[in-house]
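Working notes, beginning with the structure itself.
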Amino acid sequence: QVQLVESGGGLAQAGDSLRISCTASTTYAMAWFRQAPGKEREFVAAINWNGGVTTYADSVKGRFTISRDNAKNTVYLQMNSLKPEDTAVYYCGASAIYTRAGGEANIYAYWGQGTQVTVSS
């Protein structure tokens, strides 16, 4: 069982930056998903086991950066040029068997409790 703990969410204004973190003792692929009120959970970004391959949703490409530091058991999501539509609960996911980065939620067997990101206009 892998425990994931997210941190770093909060309030921001449009155009601001925030970095959220996820601590997890795993060397498999990890990802960030988000869920806005009344909407389904959606893929944001994923990173492979060693950080060498990343993939992003079109809605965040060029604004968000996913990275990982395996020595610190931590995955980061740097969010720049935030928009009100980025408001959501952000969840960290970790795979139990896959090393590749992927946008499919069923790749990830373990999930954190989520961290709220709210962006005002």
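Which far-off residues, 5 or more places away or on another chain, put their amide H under 5 Å from the one on Tyr98, with H placed in the peptide plane?
Answer set, sorted by chain and number: Ala29.
Check which residues have an amide H placed less than 5 Å from Val53's amide H, if you skip close sequence neighbours.
Asn48
Near the amide H of Lys83, under 5 Å away, which other amide H atoms are found, from residues 5 or more places off or on another chain, if H is placed in the peptide plane?
Answer set, sorted by chain and number: Gly15.
May I ask for the longest run of the chain untouched by GluC sites (Glu not before Pro) that are loop-located per DSSP and have at most 14 neighbouring C-beta atoms (other than their own) within 10 Å? Spell out each step's value before the answer.
Working: sites that count: Glu40, Glu104.
Counting only loop sites that pass the neighbour cut-off, the longest clear stretch is 41-103.
Can you list the lysines whose alpha carbon sits under 19 Å from that of Lys39, skipping same-chain ones fewer than 8 residues off?
Excluding near neighbours in sequence, the set is Lys83.
Taking 0.36 nm per intervening residue step and subtracting the Cα-Cα distance, what contour gain separates Thr23 from Ala36 on full extension?
Details: separation 13, 0.36 × 13 = 4.68 nm, distance 2.24 nm.
So the chain would gain 2.4 nm between Thr23 and Ala36.
Within 10 Å, at most 14 other Cβ atoms, and a DSSP state outside H, G, I, E, B define an exposed site. Report the longest part of the chain free of exposed trypsin sites (Lys or Arg not before Pro). Don't skip to the end; give the middle numbers.
Working: sites that count: Lys39, Lys61, Lys72, Arg100.
Here the longest segment lacking exposed loop sites spans 1-38.
What FRET efficiency comes out for the pair Asp69/Glu104, r = Cβ-Cβ distance, R0 = 30 Å, nearest 0.05? Walk me through the numbers before you get to the answer.
Details: r = 24 Å, r/R0 = 0.82.
In this case the efficiency is close to 0.75.
Rounded to a whole number, what % of the accessible area of the chain do carbon and sulfur atoms account for, probe 1.4 Å?
Values: 2820 of 6130 Å².
Ligands and nucleic acids excluded, carbon and sulfur give 46 percent.
For the chain, what is the accessible area per residue in Å² when the probe is 1.4 Å?
On the way: 6130 Å² over 121 residues.
The answer is 51 Å² per residue.
The values are calculated or read from the model by the stated rules, or taken from the named source; none is laboratory data. Bear in mind that the values here come from a model prediction, so they are computed numbers and not experimental data. FYI the Cβ positions are ideal-geometry reconstructions off the backbone, even for glycines, and counts take in every protein chain you see. In case anyone asks, the SASA skips ligands and DNA or RNA and just uses the protein heavy atoms, side chains included. Shrake-Rupley method; radii C 1.70, N 1.55, O 1.52, S 1.80 Å.
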